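Here is the structure we will look at.
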Amino acid sequence: MSEPDATTQRSAAQSVADVLLRRREQVAQRWAELPLFRTVFTVTRDEAVEAGQSVVDALAVVASSGRPGDLEASGFDPVRVQIGRMSASRSRAGVSVGQVAAEVAALKDAVVDLLKAELEQEPAEIRHEAVLFASELLATLRLVTLETMLDDGQEIIVRQRQQLLEGATPVIKLWEGIVAVPLIGTLDSARSQVVMESLLEAIVAQQAKVVILDITGVSTVDTLVAQHLMKTVASARLMGAECIVSGIRPAIAQTIVQLGIDLGSVITRSSLADALAMALHRIGLRVHSAPDSPPVAGPAAL
Amino acid sequence: MSQIPVIPLGDVLFVSIQGELYDAVALSLQDDVTNAIQAHNARGVIIDISALDMVDSFLGRVLAEIAGCSRLLGADTVVTGMRPAVAITLVELGLTLPELRTARTVEDAALMLGVWVSSRTSRAAPVAVRQDEPEAMDGGSGTDGP
Amino acid sequence: MSTPVDETVRLRIGSDADLSAVRLQVRAKAQAAGFGLVQQTKLVTAASELARNTLVHGGGGEMEMSEVAQAGVHGIKLAFTDSGPGIADVEQALADGYTSGNGLGMGLGGARRLVHHFDIDTRSQGTTVTIVSWATTPVDPRAVLR
């Protein structure tokens, strides 16, 4: 098959743009029947037709620019928000990304049918070229839709991630001058960062001299987590507070040794109770049972 | 920009660094503190940096060197009041300054250096007992005894 | 990768006072772009390191500052340019502890750890170091750590 020359391509672009403008009403009417428009614009049929018309207009602008594959084409800009609303509405209805893509692909038939009818008198070569051009244009529309959906998804992920991070770091005041942070679950970089920041803020707010980082609830300690612990300890020290890491389970102790992680000068204790006893000692306090009260077993009797 | 005052308080020198710091001023502070240690026969230096919103490697080095020189002259240096964001940044930069002694407040630093400070802050520790005194000291309504 | 959203600001780096101006301007810009306190401090500190580098090793130069945006997230791009002799061994210059002047040798390598994107272009006629920092941490923070 021979490569179409530039003139043929230009005229294909022009005829597609012309047809879209001329038959805008008909294309929009047919689209209004399709699930993509029908299920999103449910108030009146006119609303769906109107929405369809604005998409046709956008396609016509992009077509006349002669670059049907340009995802960034400014011609799409006026309808990006609308496309976003449509695709968001479809995903809320439980339609998958793939299905939405298929629904957008289904818009092509109406355009191609009208194009063929309009260009009946033209030579076969031009007709063929115009159909190819229109196909590419609609494929781009499909990509624009997918891109919009992915962007929206990304935004939701970022937002939820932030909420998750902020909600998951309690700083508990154990005593005047002593705070504890129980770490739970998996510590990735972003969470460690939030933990570090809230901990250091708490040192200032609570006038803490000793901070206990309890990792009883941490599932695994790898090199990265260890690094974050060291950084937190070093930052707290620079601020004038001492850090104790507690709750190192035997399995985690083994991992730390096996990985060859050097926790260096970090003070560690196996239980939170031991860490608290040490912290109290550091601020010059000691715990003893009152002479007139019956002795209670264990360190839990604080 | 003017120099940073080095204030003698008994046998301790007190320095409070405020605001934007030119490199030259930081360098002259280093000289001033070392000279003042000699002049006042000081055995401690407290440098409060709670007003600083940034410490870069240059300033970090100046602080570490002041501490190093002081030590050689027989004085202990304690840096106080470093802000959280400053501490995180210094550590990320790779400067953990392990030789530097630190305290949260000037008062804590004074305690560390064994300087007398007023005990108006006995708000702390409502129940437990001071290690050096067997009796519980309760400033408030601690009258649950017989 | 990112699009500028406003005018580029140029600052001369020729003295102590200019370093101070760089820090103040970068801080103001980062605040305006919605940076959190820690992000602000990291960027200002990185700028201070690089500006000092430009002054001390490059014999002075300038900093270009602009706000950029990508996928709705705002960032700040800083480019430090000097016409000094260039850096002979970039890998070595980025390694911790390396210094050809005075300092702890944390300048370049340290600054790199404080920002999301770091790029050096060095030749015998001069060096340009470009950094970008985003207001919010990218979705996969591990991806940007080299």
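Split the accessible area of segment C:6-144 by element, probe 1.4 Å, and carbon with sulfur accounts for 48%.
Could you work out how far helix A:189-205 tilts from the main Cα principal axis of chain A, as a 0 to 90 degree angle to the nearest 10? Value to nearest ten degrees: 50. When C:LEU24, A:LEU36, B:LEU72 are compared by accessible area at a 1.4 angstrom probe, the order from most to least is B:LEU72, C:LEU24, A:LEU36. Peptide B:77-86 shows a mean partner chain C-beta count of 6 within 10 Å per residue C-beta.
Heavy-atom accessible surface of segment A:183-226, averaged per residue, reaches 35 Å², computed with a 1.4 Å probe.
Ignoring ligands, DNA and RNA, what percent of the accessible area of chain A is carbon or sulfur (1.4 Å)? Here it works out to 56 percent.
Maximal additional length on extending the C:ALA95-C:ALA71 stretch stands at 5.4 nm, based on 0.36 nm per residue less the C-alpha distance. In a simple Cβ point-charge model (Lys, Arg +1; Asp, Glu -1; nothing else charged), segment A:6-162 has a dipole of about 440 debye relative to its Cα centre. A protection proxy built from the mean count of other Cβ atoms within 10 Å ranks the segments B:83-91, B:100-108, most packed first, as B:83-91, B:100-108. Computed from Cα atoms alone, the Kirkwood hydrodynamic radius reported for segment A:6-162 is 16.0 Å. The magnitude of the dipole of the protein assembly as shown, with charges of +1 and -1 set on the Cβ of Lys/Arg and Asp/Glu and taken from the Cα centre, is near 980 debye.
Within 10 Å of the Cβ of each residue in A:65-77, the mean number of Cβ atoms contributed by other protein chains is 0. Ranking of B:SER50, A:SER289, A:SER89 by solvent-accessible surface, largest first: A:SER289, B:SER50, A:SER89 (1.4 Å probe, protein heavy atoms only, all chains present). Summarised as an ellipsoid, segment C:6-144 has semi-axes of 24, 17, 13 Å, derived from the eigenvalues of the Cα gyration tensor scaled by 5 and square-rooted, with the largest first. Let me test this: with uniform point scatterers at the alpha carbons of the protein assembly as shown, what is the Debye-based log₁₀ I(q)/I(0) at q = 0.07, 0.12 1/Å? Per q value, in the given order, log10 I(q)/I(0) is -0.63, -1.18. Take each residue in B:96-106, count the other chain C-beta atoms within 10 Å of its C-beta, and the mean is 4. When peptides B:37-44, C:72-79, C:126-133 are ranked by their average number of other Cβ atoms within 10 Å per residue, the highest-first order is C:126-133, C:72-79, B:37-44. Split the accessible area of segment B:51-110 by element, probe 1.4 Å, and carbon with sulfur accounts for 54%.
The values are calculated or read from the model by the stated rules, or taken from the named source; none is laboratory data. Worth saying up front: this structure is predicted, and the values here are computed from it rather than measured. Cβ atoms come from the backbone with ideal geometry, glycine included; neighbour counts cover every protein chain shown. Areas reflect the complete protein model, heavy atoms only, side chains present, ligands, DNA and RNA absent. Shrake-Rupley method; radii C 1.70, N 1.55, O 1.52, S 1.80 Å.
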